[in-house]
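Report on the structure given below.
The values are calculated or read from the model by the stated rules, or taken from the named source; none is laboratory data. The model shown is predicted, which means the values in this text are computed figures rather than measured ones. Here the Cβ positions follow ideal geometry from the backbone for every residue, glycine too, while neighbour counts run over all protein chains shown.
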């Protein structure tokens, strides 16, 4: 592994993992506490339409995905808030329509789409330099927005009604939160791919939640967890010659389940000792 | 203190999916009122509070809060929603919850200053929850959470306190303590609370209104069986004049 580190692709992969962890650590916390996991899944999948559009008009598919995810985030946000359509129905429809558009666009593109698979499932080993730069810029945008609007985003997530009464612009803020999710999806596409994005948006935050009741600490812990997961997943995939994106997800998910298991075991041990203490 | 009108509703109608939720509501809340609004579930109690807060626009009629539109006037209202609706695992401390009450006094992108912190701590002191300020709010008991949400409303320096089913999430032994707290607060602000629990409300409030799409407003605590029947469609526990509520179950 150590000698692998001198290769540029390996250094890029680690940098990509780091940048992805920052975005999913910060935004993932809001996704989890505001319970917009399904909406985020919809936004992520709909971004496939943007990948297809990128192929069709001949620009970097990640840039196509960025335009498309922002549009679909606003679209899903407005449809779920302003129409009578039940939220999960609207998400399901836009989710599938985005993917369908992607397939049509790719079908219309001349030639064939060589690295299509890597957009769907990610390939952290082949992230180009430009995409790394884009990831860094998007991370910076996410950090600045969250630092400036931390209080408002916290209030929106905790108690939307009271926030609205207090003068928080909840409608606009909700759309902004979905746009942050959209940007995070773009950051994560190259690392774990559209289909697996949702795992990195939720697992590090869910893990961090077990250890703190401060949202800020949760973001920090989730980012650290993301770094550990991506690095460990990368190392394992290198060692065992497995797909990197999928390995990262499986490492994350397994760690989360083990952590839940330990928490449960400790709780039942506590209850057991309390019971034996009271009976004795 | 001269009686000042804080809230006025004039012939307010609200429809949802073509069905009327509120029908021709007329209501006036004055600065020293302690009003209990009772009515069955689905009778429009929460809707009425939301109309006063400007969260729901009436289809007909006029609402003013402090002589202004609800959106502008609601900064004088401390709102306590049904607190059993929030996510118990949410990572937020008691003090951060109470600081939310200072938001309407601050502005977007502005940070809280010492004065905001002081106001939040004072509000916690008033509800005797100061020692809990660093605890996670979801880990407190129902009664303690209730106090935190009252503190949040108090941090706004309200002229009027609106409480939605405040006793739903606290156990009966805590209820007396809760009403004593309201009894202290009513000296400095108007209070309106809605509940489907008639007996609990009746002991402490000064006036009672019955709401079941229409509002039967009495201006005193005496409610006749007829009026209760109109709002509940089925006679249940009655309130008599006096301090102790009688529970009379009449025949259907």
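Only one of B:48, B:35 is under 13 Å from residue B:209 (Cβ atoms), part of a helix (DSSP H, G or I), touching a strand residue (DSSP E or B) at 6+ places or on another chain (Cβ under 7 Å) and touching a residue at least 12 places away in the same chain (Cβ under 8 Å); which? Give the derivation first.
On the way: B:35 fails: part of a helix (DSSP H, G or I).
Exactly one residue qualifies, and that residue is B:48.
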> Restricting the search to segment A:239-252, which residues are farther than 18 Å from residue A:201 by Cα and buried (at least 17 other Cβ atoms within 10 Å of the Cβ)?
Replying inline: A:243
> How many residues are more than 8 Å from chain A (Cβ to nearest Cβ), closer than 21 Å to residue A:165 by Cβ and not in a loop (DSSP other than H, G, I, E, B) when one looks only at segment B:99-114?
Replying inline: 3
>> So, residue A:13, is that one over 22 Å from residue A:145 (Cα atoms) and crowded, with 22+ Cβ neighbours inside 10 Å or not?
In response: yes
> Would segment B:83-98 turn up any residue that is part of a helix (DSSP H, G or I), modelled with pLDDT under 90 and surrounded by 16 or more Cβ atoms within 10 Å (Cβ to Cβ)?
Replying inline: yes
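Out of B:95, B:130, B:121, report the one residue that is within 13 Å of chain A (Cβ to nearest Cβ) and within 27 Å of residue A:218 (Cα to Cα). Show your work before the answer.
Details: B:130 fails: within 13 Å of chain A (Cβ to nearest Cβ); B:121 fails: within 13 Å of chain A (Cβ to nearest Cβ).
Answer to the check: B:95.
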>> Which condition from (1) closer than 21 Å to residue A:228 by Cα; (2) buried (at least 20 other Cβ atoms within 10 Å of the Cβ); (3) more than 13 Å from the chain's Cα centre (by Cα) is the one that residue A:126 breaks?
In response: (2)
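Being outside any loop (DSSP other than H, G, I, E, B), touching a residue at least 24 places away in the same chain (Cβ under 8 Å) and closer than 19 Å to residue A:194 by Cα is the filter here, so list the residues in segment A:103-115 that pass it.
Narrowing segment A:103-115 to residues outside any loop (DSSP other than H, G, I, E, B): A:103-108.
Subset that is touching a residue at least 24 places away in the same chain (Cβ under 8 Å): A:103-106, A:108.
Within segment A:103-115, A:103, A:104, A:105, A:106 qualify.
State which residue is surrounded by the fewest Cβ atoms within 10 Å (Cβ to Cβ) when the search covers only segment B:51-69 and only residues that are outside any strand (DSSP E or B), away from chain A (no Cβ under 14 Å) and in contact with a helix residue (DSSP H, G or I) (Cβ under 8 Å, 6 or more places away or on another chain). Quick ask: steps written out before the conclusion?
Let us first name the residues in segment B:51-69 that are outside any strand (DSSP E or B), namely B:51-59, B:66-67, B:69.
Okay, now just the ones that are also away from chain A (no Cβ under 14 Å), so B:58-59, B:66-67.
Next, only the ones that are in contact with a helix residue (DSSP H, G or I) (Cβ under 8 Å, 6 or more places away or on another chain) stay: B:58, B:66-67.
Values: B:58: 20, B:66: 19, B:67: 12.
Among them, the one singled out is B:67.
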>> When you check residue A:65 against the structure, is it assigned to a helix (DSSP H, G or I), modelled with pLDDT under 90 and either in contact with a helix residue (DSSP H, G or I) (Cβ under 8 Å, 6 or more places away or on another chain) or farther than 22 Å from residue A:160 by Cα (or both), yes or no?
In response: no
> Within segment A:221-237, is even one residue out of contact with any helix residue (DSSP H, G or I) (no Cβ under 6 Å at 6 or more places or on another chain), within 14 Å of chain B (Cβ to nearest Cβ) and surrounded by fewer than 24 Cβ atoms within 10 Å (Cβ to Cβ)?
Replying inline: no
